[in-house]
Amino acid sequence: MEIQVMEDILGRNDQIAAENQQLLASKGVFALNLLGSPGSGKTSLLEKTMARLKQKFSLAVIEGDLFTSKDADRIAIHGVPVIQINTSGGCHLDAQMVREVLGQLDLEALDLLIIENVGNLVCPAEFNVGEDEKAVVLSITEGDDKPLKYPLVFKESAAAVLNKTDLLPYTNFDLAAAGADIRAIHPGIEVLEVSCSQDKGLEAWIDWLCQRVDAKKTGGERA
């Protein structure tokens, strides 16, 4: 019975997610669902992304958090439209939450929508919200065992960003092992090594994202 209830919840969510995706597709908007643990650096990566792309694309951000608007306030400084969704204890955003705020955005003028999900490596991976693709951020400080412990989020993501590589000398994180585990879970996934604090490796991330935004606007294939 519990399995049936879960399937029913996911089924309703997937239906709404498909409607969200259809709406965004009709406007040529590429939507990215950004996942990762609290403290992995999702918002820092977003800030670096906004700074580099706000002159190239029309951007907007949906911020998901249990409480407060601290992350949304950080994004707003960059002059990018941002909408805060507080889940009041919920561990993930769902498609209905996203649908309720899409009307607040000028989708006709938008190129890229980034949805920063609630900090969690488990629940957000199970709920599509209408995105084109997911990306997961894993901090070096979290440990290289996390991909095998939480495989679904890596299986569902098109890119894995290994952040805070500047801290590698102070940890026992094995980059090669983590990369191999991630690719074993999801062959073909893009694994990107970055340090947001040191501005290292970010161009590969920006290029990855730009290819997808450009392809969505033109209706063509990604490079």
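The values are calculated or read from the model by the stated rules, or taken from the named source; none is laboratory data. The structure displayed is predicted, hence computed values, not measured ones. Counting neighbours? That spans all protein chains shown, and the Cβs are built from the backbone with ideal geometry, glycine included.
A Cβ distance below 9 Å, combined with a sequence gap of six or more or placement on separate chains, defines the contacts here; from the stretch 64-82, residues that are in contact (Cβ under 8 Å) with a residue 24 or more places away in the chain and surrounded by fewer than 17 Cβ atoms within 10 Å (Cβ to Cβ) reach residues that are in a loop (DSSP other than H, G, I, E, B) and among the hydrophobic types (A, V, I, L, M, F, W, C) in the pairs 66/91; 66/118. Could we say that residue 137 is buried (at least 18 other Cβ atoms within 10 Å of the Cβ), outside any helix (DSSP H, G or I) and at pLDDT 95 or above here? So residue 137 passes the test. For the stretch 169-194, the set of residues classified as outside any loop (DSSP other than H, G, I, E, B) and within 17 Å of the chain's Cα centre (by Cα) consists of 182, 190, 191, 192, 193, listed by residue number. Would you call residue 61 in contact with a strand residue (DSSP E or B) (Cβ under 9 Å, 6 or more places away or on another chain), β-branched (Val, Ile, Thr) and surrounded by fewer than 19 Cβ atoms within 10 Å (Cβ to Cβ)? The answer is no for residue 61. From the set of residues in the stretch 190-223 that are touching a helix residue (DSSP H, G or I) at 6+ places or on another chain (Cβ under 6 Å) and free of Cβ contacts under 8 Å to residues at least 60 places away in the same chain, which is surrounded by the most Cβ atoms within 10 Å (Cβ to Cβ)? The qualifying residue surrounded by the most Cβ atoms within 10 Å (Cβ to Cβ) is 192. The conditions of being under 14 Å from residue 29 (Cβ atoms) and not β-branched (Val, Ile, Thr) are met by residue 130. Taking each residue of the stretch 103-130 that is farther than 16 Å from residue 209 by Cβ and looking for partners that are in a loop (DSSP other than H, G, I, E, B) and of a type in the set (Gly, Ala, Ser) with beta-carbon atoms closer than 8 Å, six or more apart or interchain, yields 109/58; 118/90; 119/37; 119/39; 119/40; 120/37; 121/37; 125/157.
So which residues in the stretch 33-49 are among the aliphatic types (A, V, I, L, M) and buried (at least 24 other Cβ atoms within 10 Å of the Cβ)? Across the stretch 33-49, the qualifying residues are 34, 35, 46. Among the residues of the stretch 203-211, is any outside any helix (DSSP H, G or I) and either over 27 Å from residue 13 (Cα atoms) or not β-branched (Val, Ile, Thr) (or both)? Among the residues of the stretch 203-211, not one is outside any helix (DSSP H, G or I) and either over 27 Å from residue 13 (Cα atoms) or not β-branched (Val, Ile, Thr) (or both), which makes the answer no. Of all residues being over 18 Å from residue 46 (Cβ atoms) and touching a helix residue (DSSP H, G or I) at 6+ places or on another chain (Cβ under 6 Å) in the stretch 93-128, which is surrounded by the fewest Cβ atoms within 10 Å (Cβ to Cβ)? Just the residue, please. Ranking the qualifying residues of the stretch 93-128, first place goes to 96. Residues in the stretch 146-168 that are touching a residue at least 60 places away in the same chain (Cβ under 8 Å) and either among the hydrophobic types (A, V, I, L, M, F, W, C) or in a loop (DSSP other than H, G, I, E, B) (or both): 153, 157, 161, 164. Quick check on residue 131: is it among the acidic types (Asp, Glu), out of contact with any Lys or Arg (no Cβ under 9 Å at 6 or more places or on another chain) and either modelled with pLDDT of 95 or more or buried (at least 19 other Cβ atoms within 10 Å of the Cβ) (or both)? Yes.
Among the listed residues 192, 152, 175, identify the single one that is touching a Ser or Thr at 6+ places or on another chain (Cβ under 8 Å) and farther than 19 Å from residue 59 by Cβ. Only one candidate passes the filter, namely 175. Close Cβ contacts (under 9 Å, 6 or more residues apart or on different chains) running from residues in the stretch 7-18 that are over 9 Å from residue 127 (Cβ atoms) and among the charged types (D, E, K, R) to residues that are at pLDDT 95 or above and in a helix (DSSP H, G or I) comprise 12/95; 12/96.
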